[in-house]
Amino acid sequence: MCDALAEQVGTSPYETDSATWVDAPVLECRTCDIYFRVLDDNTRKQHFRSASYVQLDRERAIWNERHGFLSYILDLTEHRLGKSGAKLLDIGCSYGHLLELAVKNGFHSEGVEINQDLVAYCLRRGLVVWTSIESASQPVDAITLIDSLYYVPRPVELMRELGRALSPAGVVVLRVTNRNWLIQAKAAMLGIYDFRPLGDAEISYSVHGICRLLRRAGLVTTDILPDSGRGKCMKLKQRLIYASTCAATNMTLRSLYVSPGVIVIARPS
Ligand SMILES: [Zn+2]
């Protein structure tokens with residue numbers, strides 16, 4: 001991504017295909033305020049065939065965990081647009097869960113997904129899903145990227161392309177993890193870089209980092225909401241972490257985001 005400015009701060013295990021792991025270098029770019037793994041195309045491709053969230057036998061479990069959250073995202077999107085019946089494009093639509101809910105809520109929805117098995121699965125279920133953005137109908141009123149942007153190796157190019165696909169009054173709603181502060185706090189206190197909070201993200205953004213990316217892509221961030229875990233089915237311990245970090249974020253009047261994830265709303269500039 002920005003190798004010239006970045007420096008390696010460690011390595012972290014990354015699953016290539018089931019039960020095969022590589023030790024991927026992790027770089028930090030302080031200008032972009034990101035950590036990123038150095039992965040090749042082959043590793044990336046294998047990972048997206050073997051990750052737990054692309055397996056068809058996990059589809060119902062993931063629906064049960066996430067459909068409440070996706071409904072919340074759609075409500076948020078509709079509210080920000082101020083109209084119903086909008087055209088929506090979901091990037092990294094996976095099993096098509098958000099599309100399915102969007103259709104029920106009166107959106108005209110299409111999705112983009114790179115995993116061919118998932119595309120076929122969505123098509124069988126009557127959803128409109130493409131393997132590339134150019135194939136999708138444009139312009140659209142809303143673009144959603146829910147836990148998908150941090151897998152994209154060239155995010156500025158992607159967001160510029162999506163900005164061009166957006167109508168002038170359109171809105172981007174994205175959810176990314178927000179864990180860099182945790183890695184930095186541990187590194188500062190213990191002198192240890194622990195990259196487990198990255199999960200399987202290729203690029204891990206801070207709030208500053210995601211806003212910077214959107215700005216570089218010609219988009220303006222209008223809202224950053226701490227992910228409170230609303231609508232998600234979680235164990236008690238996880239629920240407490242989401243609730244307490246969301247409350248802590250709000251106590252700082254959202255000048256410091258310590259929630260495990262953030263929902264970012266952006267518009268064309
Ligand atoms: Zn950079």
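The values are calculated or read from the model by the stated rules, or taken from the named source; none is laboratory data. Just so we're clear, the structure is a prediction, and the values are computed from it rather than from any experiment. FYI the Cβ positions are ideal-geometry reconstructions off the backbone, even for glycines, and counts take in every protein chain you see.
Identify, by number, the condition in (1) loosely packed, with under 15 Cβ neighbours inside 10 Å; (2) touching a Leu at 6+ places or on another chain (Cβ under 6 Å) that PHE36 doesn't meet.
Single failed check for PHE36: (1).
Say we look at the range 146-201 and pick out the residues that are crowded, with 18+ Cβ neighbours inside 10 Å and aromatic (Phe, Trp, Tyr); which of these is nearest to ARG216 (Cα to Cα)?
Within the range 146-201, the match that is nearest to ARG216 (Cα to Cα) is TYR150.
Quick one: how many residues across the range 218-262 are more than 17 Å from ARG66 (Cα to Cα), among the polar types (S, T, N, Q) and surrounded by 15 or more Cβ atoms within 10 Å (Cβ to Cβ)?
Number satisfying all stated conditions: 4.
Among all residue pairs at least 6 apart or on different chains, which show Cβ distances below 7 Å where the first residue, located in the range 7-22, is under 11 Å from VAL38 (Cα atoms) and the second is basic (Lys, Arg) and in a strand (DSSP E or B)?
Between residues of the range 7-22 that are under 11 Å from VAL38 (Cα atoms) and residues that are basic (Lys, Arg) and in a strand (DSSP E or B), the close pairs are SER12/ARG37; TYR14/ARG37.
Mind checking which residues of the range 118-163 are over 16 Å from the mean Cα position of the chain (by Cα) and either in a strand (DSSP E or B) or of a type in the set (A, V, I, L, M) (or both)?
Those that are over 16 Å from the mean Cα position of the chain (by Cα) and either in a strand (DSSP E or B) or of a type in the set (A, V, I, L, M) (or both): LEU118, VAL119, ALA120, LEU123, LEU127, VAL128, VAL129, TRP130, ILE133, ALA136, VAL140, ASP141.
So, SER52, is that one under 27 Å from PRO153 (Cβ atoms), polar (S, T, N, Q) and without any contact (Cβ under 8 Å) to a residue 12 or more places away in the chain or not? Outline the logic, then answer.
Details: under 27 Å from PRO153 (Cβ atoms): yes; polar (S, T, N, Q): yes; without any contact (Cβ under 8 Å) to a residue 12 or more places away in the chain: yes.
For SER52, the condition - under 27 Å from PRO153 (Cβ atoms), polar (S, T, N, Q) and without any contact (Cβ under 8 Å) to a residue 12 or more places away in the chain - is met.
What are the pairs, 6+ residues apart or on separate chains, where a residue within the range 37-49 that is closer than 21 Å to ASP117 by Cα has its Cβ under 9 Å from a residue that is among the aliphatic types (A, V, I, L, M)?
THR43/VAL22; THR43/ALA24; LYS45/ILE114; HIS47/LEU39; PHE48/VAL54; PHE48/ILE114
Regarding ARG267, is this residue at pLDDT 95 or above and not in a strand (DSSP E or B)? Full working, then the answer.
Details: at pLDDT 95 or above: yes; not in a strand (DSSP E or B): no.
Spelling it out, it is not the case that ARG267 is at pLDDT 95 or above and not in a strand (DSSP E or B).
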